[in-house]
Each structure stands twice: as structure tokens, then as C-alpha cells.
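This report concerns only the one structure given below.
Just so you know, all these numbers are worked out from the coordinates, no wet-lab data involved. No experiment lies behind these values; they were computed from the predicted model shown. Note: ideal-geometry Cβ built from the backbone for every residue, glycine included; neighbour counts use all protein chains shown.
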């Protein structure tokens, strides 16, 4: 079974879509299987991360911004791919460092996530985007 999720972003940050995925899995009526998610873009990532305290998301965004600042930062002057804006190449670097696909077991018709785990699209660009995440559920 396959599908596609559309996720609207409003700039850099983590966008949880766990409920959308859980609802989709429930609709497939599969007791046990493996769910694969794959983001179809090169400037965002997928993460399983804590969904209880929003400070975790803020800290992750701030950490990766500090680790890979925009090309306007003097420390990034060695980058040559700059014509799509100062956040573009740093977004590609962040996406290269983080997962673009996830595998999640499905047990008893539910995602086998831990108590505080959520599924996120991590947007690395400043501008709003429409992102697509392909989904596949195998038995």
C-alpha cells in the first residue's frame, strides 16, 4: 500500500505529522508490517523526535542553524552554490546530515512509536514550501 502526504511549511522548523500517519495506517487495516516514509525533496529531512516539550524542537532548530549557518555568515564563504538564496546550500547540507527516510514497525494496527515520539518533517528553508512525503506499508 502506498500514499503521499502533503505538508505545508512556513519556514525553518519541525512540523509534526504523526496523527496523519497514524490515521493513514489505521485506514489500511494491516495488523503487522513495516511503514516506510520518504521525503521527496533535497532541502528538508524526516525525524522521529520527542513530541512532549516544544523546547526540544526549538533547540534542534537552533543547534542546526548554529552548526550550518546561512551563506551570509563569513564561516560559510567557501560555499559556491548560493544563487538560490543564503539558506539553500545550508539546507542541502542539513538534509545530507539527517535522514530523508524512516522505517517504523506497525504492530497490532498501530505505529510502534514510543510514548514521547512523534514523526516530523524538518524544514531547512526560510520560505514556505509544499513538501511531499511518500509512504509505503508492507505486510
Checklist outcome for this item: Selection over segment 93-121 where residues are assigned to a helix (DSSP H, G or I) and either under 13 Å from the mean Cα position of the chain (by Cα) or buried (at least 19 other Cβ atoms within 10 Å of the Cβ) (or both) yields a count of 4
Checklist outcome for this item: If we ask which residues in segment 83-92 are free of Cβ contacts under 8 Å to residues at least 24 places away in the same chain and part of a loop (DSSP other than H, G, I, E, B), their number turns out to be 3
Checklist entry - Would segment 13-36 turn up any residue that is in contact (Cβ under 8 Å) with a residue 24 or more places away in the chain, surrounded by 15 or more Cβ atoms within 10 Å (Cβ to Cβ), under 17 Å from residue 131 (Cβ atoms) and touching a helix residue (DSSP H, G or I) at 6+ places or on another chain (Cβ under 7 Å)? => result yes
Checklist entry - Mind checking whether some residue in segment 37-54 is surrounded by 14 or more Cβ atoms within 10 Å (Cβ to Cβ) and more than 20 Å from residue 121 (Cβ to Cβ)? => result no
